[in-house]
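Working notes, structure below.
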């Protein structure tokens with residue numbers, strides 16, 4: 001299909017790329033798993049898997065029940081979501097480009113032979129080997145840089161610093177079980193306050209805020225989590241309420257790198 005770009009993954013970072021590609025005139029098909037685990041759900045197109053559609057800023061992504069329905073919706077110039085974790089539809093649809101935006105810190109099956117142009121986001125890919133280009137996802141001077149040889153900076157395991165906090169602003173599950181949310185995204189919380197509970201076979205384990213701020217990310221109610229699973233994100237900047245509803249600066253910067261990579265490689269191969 002002409003101008004079709006398939007994006008694997010629809011989390012908040014990938015959503016920045018999906019949004020920008022769509023606004024630049026590409027047809028965009030997003031492939032997701034059956035139960036996405038986005039934290040920043042307000043700005044993640046993958047929520048369409050649960051809701052049937054998801055609006056982020058001024059763009060709405062619609063869930064298709066089949067490849068045939070996806071093609072029909074794409075013809076109508078709408079961004080489309082399809083549950084297809086293995087990317088089985090890619091060879092059938094023959095897109096002009098495939099972008100791996102799963103951000104798993106490893107390659108989950110994307111290869112150069114999937115499309116004329118292939119792009120990987122972050123560590124886990126080698127440009128020129130796994131994919132044609134890699135876009136840097138680490139905050140800092142090189143964020144959004146396009147690499148045509150080599151790999152992105154290895155994962156440090158430490159989130160980027162916001163408002164003077166890095167690892168303190170991200171909350172991980174203290175136990176394995178099912179999420180029960182006490183607070184909701186956009187709520188103001190204080191350090192030590194209970195924001196959720198993990199319902200386990202042995203009982204209920206509280207999840208407390210690590211710092212004070214705005215709860216900008218919280219995994220879905222009843223989502224099954226394991227101990228150490230990322231479940232919440234607090235923004236310490238109390239005056240950044242609108243950030244709960246808008247694509248982040250990081251996601252926009254990475255998106256710019258993706259568009260650059262696709263256009264550059266297209267031009268280079270004409």
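The values are calculated or read from the model by the stated rules, or taken from the named source; none is laboratory data. Treat the numbers as computed from the prediction; the structure is a model and nothing was measured. Because the Cβ atoms are built from the backbone with ideal geometry, glycine has one as well, and the counts that use them run over all protein chains shown.
General observations
- Selected residue (only one of 225, 259, 270 is closer than 28 Å to residue 98 by Cβ and at pLDDT 95 or above): 259
- The set of residues from region 39-74 being touching a helix residue (DSSP H, G or I) at 6+ places or on another chain (Cβ under 7 Å), part of a helix (DSSP H, G or I) and closer than 30 Å to residue 173 by Cα comprises 41, 42, 43, 45, 47.
- Subset of region 204-236 that is farther than 19 Å from residue 44 by Cα and without any contact (Cβ under 8 Å) to a residue 40 or more places away in the chain - its residue that is surrounded by the fewest Cβ atoms within 10 Å (Cβ to Cβ): 204
Every residue, every condition in (1) surrounded by fewer than 18 Cβ atoms within 10 Å (Cβ to Cβ); (2) within 16 Å of residue 1 (Cα to Cα); (3) at pLDDT 95 or above, yes or no:
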site	(1), (2), (3)
71	no, yes, yes
86	yes, no, yes
90	no, yes, yes
104	yes, no, no
110	no, no, yes
115	no, yes, yes
129	yes, no, yes
153	yes, no, no
167	yes, no, no
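- Number of positions in region 247-270 that are in contact (Cβ under 8 Å) with a residue 60 or more places away in the chain and either within 19 Å of residue 175 (Cα to Cα) or exposed (fewer than 15 other Cβ atoms within 10 Å of the Cβ) (or both): 2
- Of the criteria (1) modelled with pLDDT of 95 or more; (2) under 17 Å from residue 29 (Cα atoms); (3) not in a strand (DSSP E or B), which one residue 77 fails: (1)
- Any chance residue 157 is in contact with a helix residue (DSSP H, G or I) (Cβ under 7 Å, 6 or more places away or on another chain) and part of a loop (DSSP other than H, G, I, E, B): no
- Taken together, 36, 95 contain a single residue that is farther than 25 Å from residue 185 by Cα and either part of a loop (DSSP other than H, G, I, E, B) or touching a residue at least 24 places away in the same chain (Cβ under 8 Å) (or both), which is 95.
- Flag for residue 201 being modelled with pLDDT under 95, out of contact with any strand residue (DSSP E or B) (no Cβ under 9 Å at 6 or more places or on another chain) and either crowded, with 21+ Cβ neighbours inside 10 Å or not assigned by TED's automatic domain parsing to the domain that holds residue 43 (or both): no
- At least 1 residues being over 21 Å from residue 37 (Cβ atoms) and under 25 Å from the mean Cα position of the chain (by Cα) is the threshold, and among the strands (runs of 3 or more DSSP E) wholly inside region 185-225 those reaching it are 213-218.
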